[in-house]
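Have a look at the structure below before the remarks.
Coordinate-derived values only; no laboratory data. Just so it is clear, the model here is predicted, and its values are computed rather than measured. Cβ coordinates were reconstructed from backbone atoms using ideal geometry, including for glycine residues, and neighbour counts include every protein chain displayed.
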Amino acid sequence: MKKVLIFDYDGVIINSLPVVLEILVKVGPKYGLKNVKTKEDLQDIFDNNFYDGIIQRGVKKTDITKIIDEFKQELKNKQKHIPLFEDIKEVLDELSKKYTLIVVTSNMRTIVEYFLKKYKISAFSETLGAEDHVSKVKKILYVKEKYDAEKYYYIGDTVGDILEGKKANVITVATSWGYHNKERLAKSTPDYIFDSPKELLKLI
């Protein structure tokens, strides 16, 4: 069966939560971001689309490009401190032998492609990031239009990911090793919940 597996990046492939929190605490207040000081505050943002979440907390739509640019530079400076999740590279390599893999992320495409190259991950056919659209729904729909398949999956680690996957009418796979835990993810009623990267091989 022809399948397309669409992956979120942060919290699924790389363990970026501590660094993302550190950056938002530093740069967010410049752009009006309020009440983001703890891990729990950051997790709350990801109950929805990330950009909708920061707008709800005070960032103006007109400042989104500015905060993205500054966030991108800070992320580059901290690249050495962002590790891959254990086993994820091997799992991606295995899945890509059979299916088309795409990244759809709120992160910047250029940053993601840099990290994929750094970690020698060549499993993905395409990466769609914030430069392409802030809505994951729009990006997933683009993938569905471009890549012919019988089934499409969106694999994400937050409630927001699952909700956007549902809006795009794809099969949703929640991964509990990222930003949101299993209990929180379950409330968004994904089609699957996996607790380790190796469980993704069940999609074969």
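Find how much the distance from residue 186 to residue 169 grows on full extension, using 0.36 nm per residue of separation minus their present alpha carbon separation; answer in nm with one decimal.
Working: separation 17, 0.36 × 17 = 6.12 nm, distance 1.79 nm.
Stretched out fully, the residue 186 to residue 169 stretch lengthens by 4.3 nm.
Counting every Cα pair in region 47-99, what percent are over 12 Å apart?
Every Cα pair in region 47-99 considered, those over 12 Å come to 75 percent.
Listing 85, 50 from the residue with the fewest other Cβ atoms within 10 Å to the one with the most, what is the order?
85, 50
Quick one: Kirkwood hydrodynamic radius for the chain, alpha-carbon pairs, angstrom, one decimal?
Result for the chain stands at 16.9 Å.
Can you give me the relative contact order of the chain as a percent, contacts being Cα pairs under 8 Å and 6 or more apart? Walk me through the numbers before you get to the answer.
Numbers: 341 pairs, mean separation 57.7, N = 204.
Result for the chain is 28 percent.
For the pairs 120/198; 76/182; 78/118; 34/117; 144/166, flag any whose C-alpha to C-alpha distance is greater than 25 Å.
Going by Cα-Cα distance, 76/182; 34/117 fall outside the 25 Å limit.
When only DSSP loop residues count, what trypsin sites (Lys or Arg not before Pro) in region 97-151 have their Cβ near at most 11 other Cβ atoms within 10 Å?
In loop regions of region 97-151 (DSSP not H, G, I, E or B), the sparsely surrounded trypsin sites (Lys or Arg not before Pro) are 97, 120.
Using the charge dipole of the chain (Lys, Arg: +1 at Cβ; Asp, Glu: -1 at Cβ; taken about the Cα centre), state which of 12, 193, 142 has its Cα farthest towards the positive end.
Positive-end residue among those listed: 142.
For the charge dipole of region 17-80, defined by +1 on Lys and Arg C-beta atoms and -1 on Asp and Glu C-beta atoms about the Cα centroid, which residue among 67, 77, 50 has the Cα displaced farthest towards the positive pole?
It is 77, whose Cα lies furthest towards the positive end.
Tell me, 9, 31, 114 in order of fewest to most beta-carbon neighbours within 10 Å?
So the ranking, lowest neighbour count to highest, is 114, 31, 9.
Quick one: order 81, 133, 180 by neighbouring beta-carbon count within 10 Å, fewest to most.
81, 133, 180
Note the full-extension length gain between residue 132 and residue 114 as 0.36 nm times their separation in residues minus their Cα-Cα distance, in nm to one decimal. Let's see the in-between values first.
Values: separation 18, 0.36 × 18 = 6.48 nm, distance 1.63 nm.
Between residue 132 and residue 114, full extension yields 4.8 nm more.
Over all alpha-carbon pairs in region 17-80, figure out the percentage whose distance exceeds 13 Å.
Pairs farther apart than 13 Å: 59 percent.
By how many nm would the segment from residue 148 to residue 80 grow when fully extended, if each residue of separation counts as 0.36 nm and the alpha-carbon distance is taken off?
My answer for the length gained is 20.8 nm.
Taking a spot 7 Å from the Cα of residue 26 along the direction of its beta carbon, which residues of region 69-97 have an amide N less than 15 Å from it?
Residues 69-82 qualify, since their backbone N sits under 15 Å from the label point.
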